[in-house]
């Protein structure tokens, strides 16, 4: 099947050809005909399958054929991350370049002035993240009364990020009569329940079985102690001459540390995660796309918006505790018929995750023992000779009581205990002068009031007649503005 067989209008077909596409992907071939008929759809497809075009092309065709000059929001695409929202917006603009339709994207992390300006001009297609969309709806800037098509993308990640309540608030504000599209890389029970509440008699499209990695990905597993992971990562990137590499970590702090470690080794690296500003995230992603950044370190949440061609290697520095996330991670490579490499570094605390992943994908991941940091103890799921506790089950460290907290140094290098020292507003005794630190500053005595004027004493001379009473500046006369008769 070719795109010419999908009954797309000429402006859209021309834009698709200009993008270099001639043959639709399986999900596009199955979903587009049903969506052109106005059916609700439940799409289950892993990343890199072309699902953005699968819903963007039918939406553009419907809006172009039905009241195209209506400048109200008629289609809404809800996504979990800013990067993914920006990429979907770019896709709509590319496929609709020959149509008189307007689209914009709104997300948090940046000022809303430009977004508000674009909304007030009038648009038909809105791509948004839940938080910023609810803010604009609360301010009355966004109204969804005339919405006709609603798309919920990456629904499983929406739930993982805790957006379920925000999503339900958005759905509650939508018109009852609408076409709804629901896409998810995985389909756990909570996601399935959300889909059942949203869709009406949907068509189910599942091109690739859930949690099945691409066949062209060469998966490898390396057992290593947690303390040696950083050194092993640096040697792998240097020795194997990796090209465009994506590294996944569990925490934002570790993403920053790994990026800095690789930069010290002379590797062009960047980090992307939720704590980065939108400007920093955009710059890092742009550098990764144009090749100026060779290695991008990311967390799972931020990586949902990374759609970059030519990724040769994916490295799981930290294994995910959800096996579905493993499949989603390694699916970033081996796209468009290319081959890719997926390396996983497993410590003793993560050994149980390997068992869950292999059970889900239905195969044993080959283990590489010919590496300098190989650990048989980690392979057996042990740490220091003791059975390791999985990371997600380890208790979080508690803050010690105030009387047991260690001393910390103040800004002047002096040792002071927690809750004491300079700058603590609760400690009013520390506001003395530098010579009596910790002692209460002496109260300053007020100057005595002037004595009462005695009878017969010389009085204050009268104010000059030409003084300016309004401004209090003596010696300046107040000039009357000449009237029309004086002129």
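Structure notes:
- Count of region 243-257 residues, restricted to those that are surrounded by fewer than 18 Cβ atoms within 10 Å (Cβ to Cβ) and assigned to a loop (DSSP other than H, G, I, E, B), is 2.
- Condition met for residue 104 (modelled with pLDDT under 95 and within 26 Å of the chain's Cα centre (by Cα)): no
- Filtered by the rule that a residue be within 23 Å of residue 31 (Cα to Cα), within 19 Å of the chain's Cα centre (by Cα) and part of a loop (DSSP other than H, G, I, E, B), region 157-194 gives a lone residue, 185.
- Close pairs (6 angstrom Cβ cut-off, 6 or more residues apart or separate chains): free of Cβ contacts under 8 Å to residues at least 12 places away in the same chain and not assigned by TED's automatic domain parsing to the domain that holds residue 108 in region 263-286, in a helix (DSSP H, G or I) and crowded, with 17+ Cβ neighbours inside 10 Å anywhere: none
- Being within 26 Å of the chain's Cα centre (by Cα) and within 21 Å of residue 121 (Cα to Cα) holds for only one residue in 93, 97, and it is 93.
- Test for residue 48: is it surrounded by fewer than 22 Cβ atoms within 10 Å (Cβ to Cβ), out of contact with any helix residue (DSSP H, G or I) (no Cβ under 9 Å at 6 or more places or on another chain), modelled with pLDDT under 95 and under 22 Å from residue 154 (Cα atoms): yes
- The residues on offer are 36, 42, and the sole one that is crowded, with 21+ Cβ neighbours inside 10 Å and either in contact (Cβ under 8 Å) with a residue 60 or more places away in the chain or under 22 Å from residue 21 (Cβ atoms) (or both) is 42.
- For residue 133, the stated conditions do not hold, so it cannot be described as free of Cβ contacts under 8 Å to residues at least 60 places away in the same chain and out of contact with any helix residue (DSSP H, G or I) (no Cβ under 7 Å at 6 or more places or on another chain).
A quick yes/no check of all residues on (1) over 32 Å from the mean Cα position of the chain (by Cα); (2) outside the structural domain of residue 95 (by TED's automatic domain parsing); (3) within 22 Å of residue 149 (Cα to Cα); (4) not in a loop (DSSP other than H, G, I, E, B):
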site	(1), (2), (3), (4)
8	yes, no, yes, no
13	yes, no, yes, yes
16	no, no, yes, yes
21	no, no, no, no
27	no, no, yes, yes
30	no, no, yes, yes
35	no, no, yes, yes
39	no, no, yes, no
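- Looking only at region 352-373, and only at residues there that are outside any loop (DSSP other than H, G, I, E, B) and in contact (Cβ under 8 Å) with a residue 60 or more places away in the chain, the one that is nearest to residue 25 (Cα to Cα): 361
Residues are listed down the side, and each one gets a yes or a no for (1) in the same structural domain as residue 233 (by TED's automatic domain parsing); (2) in contact (Cβ under 8 Å) with a residue 40 or more places away in the chain; (3) in contact with a strand residue (DSSP E or B) (Cβ under 8 Å, 6 or more places away or on another chain); (4) not in a helix (DSSP H, G or I):
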| position | (1), (2), (3), (4) |
| --- | --- |
| 288 | yes, yes, yes, no |
| 293 | yes, no, yes, yes |
| 298 | yes, yes, yes, yes |
| 309 | yes, no, no, yes |
| 329 | yes, yes, yes, no |
| 333 | yes, yes, yes, yes |
| 338 | yes, yes, no, yes |
| 341 | yes, yes, yes, yes |
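- Looking across 316, 321, one residue alone is under 25 Å from residue 362 (Cβ atoms), buried (at least 23 other Cβ atoms within 10 Å of the Cβ) and more than 17 Å from the chain's Cα centre (by Cα). It is 316.
- For region 286-296, the count of residues that are under 26 Å from residue 155 (Cα atoms) and touching a helix residue (DSSP H, G or I) at 6+ places or on another chain (Cβ under 6 Å) is nonzero.
- In region 124-156, the residues that are surrounded by fewer than 18 Cβ atoms within 10 Å (Cβ to Cβ) and part of a loop (DSSP other than H, G, I, E, B): 139, 140, 141, 143, 145, 146
- Residue check, residue 118 in contact (Cβ under 8 Å) with a residue 24 or more places away in the chain and assigned by TED's automatic domain parsing to the domain that holds residue 15: no
- For region 209-229, the candidate set comprises residues that are surrounded by fewer than 16 Cβ atoms within 10 Å (Cβ to Cβ) and outside any strand (DSSP E or B); within that set, the residue that is modelled with the highest pLDDT is 227.
- Out of 85, 94, 29, sole residue that is under 30 Å from residue 330 (Cβ atoms) and crowded, with 21+ Cβ neighbours inside 10 Å: 85
- Candidate set from region 311-327 (those that are part of a loop (DSSP other than H, G, I, E, B), touching a helix residue (DSSP H, G or I) at 6+ places or on another chain (Cβ under 8 Å) and modelled with pLDDT of 90 or more); member that is nearest to residue 89 (Cα to Cα): 320
- Residue within region 149-158 that is without any contact (Cβ under 8 Å) to a residue 60 or more places away in the chain and more than 25 Å from residue 36 (Cα to Cα) present: no
The values are calculated or read from the model by the stated rules, or taken from the named source; none is laboratory data. Being a predicted model, the structure only gives us computed values, none of them experimental. Methodologically, a virtual Cβ is constructed for each residue, glycine included, from the backbone with ideal geometry; neighbour enumeration extends over all protein chains shown.
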